[in-house]
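Report on one structure; see the data block that follows.
The values are calculated or read from the model by the stated rules, or taken from the named source; none is laboratory data. Because the structure is predicted, anything quoted here is derived from the model rather than measured. Here the Cβ positions follow ideal geometry from the backbone for every residue, glycine too, while neighbour counts run over all protein chains shown. These accessible areas exclude ligands, DNA and RNA; they are computed on the full protein's heavy atoms, side chains included. Shrake-Rupley method; radii C 1.70, N 1.55, O 1.52, S 1.80 Å.
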Amino acid sequence: MNNMNPSKIAATCSKDRERLGEKWQQPRSPCPCTNFQQLPQAMAMEILSRLSMKTLFNCRCVCKEWLSLISDPHFTHLHLSRSRIGILIKKYPHNLKSWKPELTHVEECAESDLWVDTMNFTDNVPISEFGLVNSCNGLVCLSGPRKYDPCYVCNPILREFIIIPPTQKGRGWCSFVGFGFSVRTNEYKVLQTSLSDNFCKAEAEIYTVGTGLWRSIGNAPMDFPELPFNSYLRGALHWVSYGGNMSMLINTFNYGTEQFQRLPSPSCFGQRKKQSSESFKLGVLGGCLLLSVFDDESSKIGMWVMKDYGVQESWTKFLVIVENLFQRTHFFSLHEPIMFLSNGEILMVHNNWDVVCYNKEKKSFREIRITGTQSSFSFDAIAYSPSFVSLYDVSRGEEVKRVRGGNKSDKLLAVGSSDCVGSGMPPYKYRKLN
């Protein structure tokens with residue numbers, strides 16, 4: 001053996017290992033985070049904050065150092081500031097046996113084609129039958145289907161949730177629920193308005209997460225609206241209501257001051273009664289309040305932006321669509337803008353049946369087949385920015401629970417390892433929009 005050529009010795013040893021069923025162990029490559037750890041923490045956070053949610057989930061499982069970095073409250077805040085607005089969809093399937101909320105991102109690739117990322121949150125929320133209320137800072141508020149069911153504040157990404165007990169009156173058909181955040185006190189709050197016992201006025205109650213109690217904050221406007229797709233701006237919810245003469249009004253509730261206020265509408269709407277064929281929807285565009293006016297009779301959509309918040313004279317009409325509206329039926333047709341894409345196109349929800357895309361240059365609509373909508377006869381959609389905001393950091397001692405379960409494929413798609421803390425990423429798909 002000593003007289004054998006070294007290369008022959010190596011070959012003989014390799015054959016012996018194969019015969020014994022052993023695997024040849026190549027030297028391990030260094031940990032991918034070794035060099036990364038040499039960067040200043042601020043720079044590392046800056047880099048990671050620009051990654052997609054799917055990539056960040058994988059990064060959490062690379063090593064304990066990366067998990068700690070991504071779980072840091074400062075990183076959570078930085079990532080949230082860059083998290084793109086998505087569409088959280090709750091579809092109503094034809095068989096009414098399952099409720100499948102889906103987070104849908106619409107993005108553009110280098111060729112300006114539209115792509116859609118979908119994450120299924122079916123197993124990441126605490127109840128299977130619920131109403132979508134609204135979202136704030138990556139946290140979603142859900143309401144139970146019955147009068148005395150609780151509400152839930154949850155983070156579908158982290159599978160965390162807090163149960164908000166019902167008020168003494170519960171939620172009637174004349175109730176309004178909204179969720180928001182007070183920057184001044186760093187508290188999350190749930191608002192509920194309902195009719196008084198004599199039905200002569202509306203009363204408001206608020207629940208501050210961490211207190212465990214509802215408290216009265218006085219009277220509320222006598223309207224019980226359905227919140228638009230995205231109406232949370234400057235720490236307040238916004239919605240459209242109508243005065244006694246059917247003039248259009250814009251009401252707000254500020255979570256910092258806990259006060260209802262009224263914003264001025266464009267002067268041309270404040271001076272006349274609402275037409276029976278008109279519908280108004282509020283939204284947010286570039287940090288400004290957006291008002292969309294749809295007139296079914298004239299088949300026209302007008303869009304206004306309040307450039308200086310609270311100043312009536314700053315309302316500016318920036319777009320009018322007067323032709324080639326998307327029409328599936330001959331009945332009333334409502335178009336609600338939900339997302340303005342960087343290529344200039346506008347995504348809209350049509351009658352809660354379809355998602356359509358409007359091209360301003362071609363002046364035409366086309367239907368967008370977003371997963372979860374084409375297989376249902378109707379759906380609800382709210383704006384949602386996924387985040388790592390943990391309820392353990394904002395609960396102020398209130399009990400936080402985690403959604404258990406989820407099928408095996410969920411965990412494989414999430415991390416591929418049961419040893420990774422924070423596993424349970426929703427199933428993730430990436431495909432081109434039709």
(Q) Every residue in the range 245-287 that is outside any strand (DSSP E or B), open to solvent by less than 30 Å² (accessible area, probe 1.4 Å) and at pLDDT below 85, please. (A) S247, F269, S277
Q | Residues (over 17 Å from Q259 (Cα atoms), of a type outside the set (A, V, I, L, M, F, W, C) and open to solvent by less than 60 Å² (accessible area, probe 1.4 Å)) located in the range 162-189 | A | P165, P166, T167, G170, R171, G172, S175
**Q.** 1 or more residues closer than 18 Å to L263 by Cβ and open to solvent by 30 Å² or more (accessible area, probe 1.4 Å): qualifying strands (runs of 3 or more DSSP E) within the range 190-244
**A.** 236-242
Q. What tally of residues in the range 298-338 results from selecting those that are at pLDDT below 85, over 17 Å from N351 (Cβ atoms) and open to solvent by less than 20 Å² (accessible area, probe 1.4 Å)?
A. 0
Q) Hey, among S231, S241, which residue is among the hydroxyl-bearing types (S, T, Y) and more than 29 Å from V400 (Cβ to Cβ)? A) S241
Q.
Residue under question is Y148, and the condition is that it be open to solvent by 10 Å² or more (accessible area, probe 1.4 Å) and under 26 Å from F57 (Cβ atoms); does it hold?
A. no
